[in-house]
């Protein structure tokens, strides 16, 4: 019995566009030679970032849809590549999105119907894991929804792939959206109004205000993303077919490259962007329109005060990690313009000492006694919770303001 032809590819890293191009060249060559299966050896896979993982997942999905058996081998148990799930991305269903665990460091396969839920779940987690600078959360929320949805406006594909990753050491957020559809260049020809001569020209046209492949003058997604990245000092790279455009603090660069052409009907498109989470952004200025902060409005009462109900975050009131997430969550509202926050402890019977220290204690240390009282108002605490929070504040404040080396010598 004749064994069906197959190819094996050793995957060393998926850090960016060159790794994706190498992978695409290998699997395309195997497919065109008639191989029925393509085996990916992951025994030595090291660096994996969204810019490599999301487009690779899109490419694998395309070749599987054409009947090729693409499979992984030698994945070390518990390794990062296993967690990222390039071989079998999570489907962004309501059930999967609501499962315990992080939505980050994982490739998601999503459809047009799941854009809203995926955006909300990712943003909710990011609000707990990152302290965003002024306006960054709102700008990212808008950008992410637009870019995820944009896949279905240009690709003629029914599925997109997405991954997000936090680099805490450098305070950066990496996000990447990819598909294996018809590409930006061909989408303009299908739309009919514009006929850019090259893939690079198509991408530069797509980031202009009011331009879309359908010609309906509502194209703001990539234009807005570009503006947010420039205002934030981040980085943006758009690749589609043989064209690419890069935006960074050093300026813009682009042209034709090795490209991401699978075949005449499939030109991969990748939108890879990086934000400095602490650098402020004003989305209204970027888009040239006044913007309402709906996130702040969602916690605003009839008196214009902003209230956080701690019972909604009570699941982790015994752990320091949960406390850090809550502190980031609270600071995101302060950084987005809330004058002060009311922290309502109704229904919270107890908090751990470590939780009290990591949230309330560290906030008091950061703002000082007067500043903390101006920024946060704690209400509806039972006596036990009141005592633990008072103690956390006292310990932090005393350590900061009343150290022995700061006490004057009156001898």
Next on the checklist: Taking 35 Å as R0, compute the FRET efficiency from the Cβ-Cβ separation of residue 387 and residue 299 and round it to 0.05.
Outcome noted: 0.85
Checklist entry - Using mean Cβ contacts within 10 Å as the protection proxy, how do 65-76, 168-179 order, highest first? => result 168-179, 65-76
Checklist entry - Could you give the distance between the Cα centres of region 4-70 and region 257-278, to the whole Å? => result 15 Å
Checklist entry - For the chain, modelled as a GNM with alpha-carbon contacts under 10 angstrom, which of 257, 56, 346 fluctuates the most? => result 346
Next on the checklist: Suppose a student asked you for the relative contact order of region 294-402, using Cα pairs under 8 Å spaced at least 6 residues apart; what percent would you report?
Outcome noted: 28 percent
Item to check | Added length on full extension, which subtracts the Cα-Cα distance from 0.36 nm per residue, residue 394 to residue 261 | outcome: 41.7 nm
Item to check | Sequence-separation-based contact order of region 162-289, relative, with Cα cut under 8 Å and 6+ spacing, percent | outcome: 28 percent
Item to check | Pairwise FRET efficiency - residue 346 versus residue 370, Cβ, R0 = 25 Å, nearest 0.05 | outcome: 0.45
Next on the checklist: What do you get for the angle between helix 115-129 and the principal long axis of the chain? Use alpha-carbon atoms, 0 to 90 degrees, nearest ten.
Outcome noted: 40 degrees
Next on the checklist: Full-extension gain between residue 198 and residue 25, please, as 0.36 nm times their residue separation minus the C-alpha to C-alpha distance.
Outcome noted: 60.2 nm
Checklist entry - To the nearest 0.05, how large is the calculated FRET efficiency for residue 47 and residue 71 if R₀ is 25 Å and r is the Cβ-Cβ distance? => result 0.70
Checklist entry - By the gyration tensor of its Cα atoms, with a ≥ b ≥ c the square roots of the eigenvalues, what is the shape of region 71-225: rounded for a/c under 1.5, prolate for a/b over b/c, or oblate? => result prolate
Item to check | For the chain, alpha-carbon Rg relative to the globular expectation (2.2 N^0.38 Å, N residues) | outcome: 1.14
Checklist outcome for this item: Cα-based Rg/(2.2 N^0.38 Å) for region 294-402, rounded to two decimals, is 1.01
Next on the checklist: Give me the extension gain from residue 10 to residue 93: residue separation times 0.36 nm, minus the current Cα-Cα distance, reported in nm with one decimal.
Outcome noted: 26.7 nm
Checklist entry - Can you give me the relative contact order of the chain as a percent, contacts being Cα pairs under 8 Å and 6 or more apart? => result 13 percent
Next on the checklist: For region 131-176 and region 331-368, what is the centre-to-centre distance using only Cα atoms, to the nearest Å?
Outcome noted: 28 Å
Checklist entry - So how do 265-276, 370-381, 193-204 stack up, highest first, on mean other-Cβ count within 10 Å? => result 265-276, 193-204, 370-381
Checklist entry - Nearest 10 degrees, 0 to 90: what angle lies between the long axis of helix 320-335 and the longest principal axis of the chain (Cα atoms)? => result 90 degrees
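No lab work stands behind these numbers, since they all come straight from the coordinates. Only a predicted model underlies this, so the values are computations on that prediction, with no experimental measurement involved. Don't worry about glycine lacking a Cβ; one is built from the backbone with ideal geometry, like all the others, and counts go over all protein chains shown.
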